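Read through the structure below, which is laid out as structure tokens, and then see the notes.
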Amino acid sequence: MKLEPGKFYKHESGRSIAVVGEVTTWKWGPMLVIEETDDTGHSISCVEADSADTKGQWIEIGVEEWKREFGILEA
């Protein structure tokens, strides 16, 4: 399963991400912009879109679950 813009995922280790969008860089080509949250904080990163295969380590979650993980929505 490929990660897709506009969707939310949780890793088997507990990290949660939102795939914010896709951009094209001059050097790397298509990249996914990822917003991540876990117990240590929050970050924005990117990953090559062609290599963003979840390999069974990520499951899709809803926006409400991601917001709870991020502390935006009360449990």
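Key figures for this structure:
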item	result
Residue list for segment 18-31, restricted to those being closer than 15 Å to Trp58 by Cα and touching a helix residue (DSSP H, G or I) at 6+ places or on another chain (Cβ under 8 Å)	Ala18
Residues being modelled with pLDDT of 75 or more and either touching an Asp or Glu at 6+ places or on another chain (Cβ under 9 Å) or closer than 15 Å to His11 by Cα (or both) - total across segment 38-62	11
Check on Gly29, under 16 Å from Arg68 (Cβ atoms) and either of a type in the set (A, V, I, L, M) or loosely packed, with under 12 Cβ neighbours inside 10 Å (or both)	no
Condition met for Lys27 (of a type outside the set (Gly, Ala, Ser), part of a loop (DSSP other than H, G, I, E, B) and at pLDDT 80 or above)	yes
Top-ranked residue of segment 7-24 - restricted to ones that are assigned to a loop (DSSP other than H, G, I, E, B) and over 8 Å from the mean Cα position of the chain (by Cα), ranked as modelled with the highest pLDDT	Glu12
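The values are calculated or read from the model by the stated rules, or taken from the named source; none is laboratory data. Only a predicted model underlies this, so the values are computations on that prediction, with no experimental measurement involved. Virtual Cβ from ideal backbone geometry, glycine too; neighbours counted across all protein chains shown.
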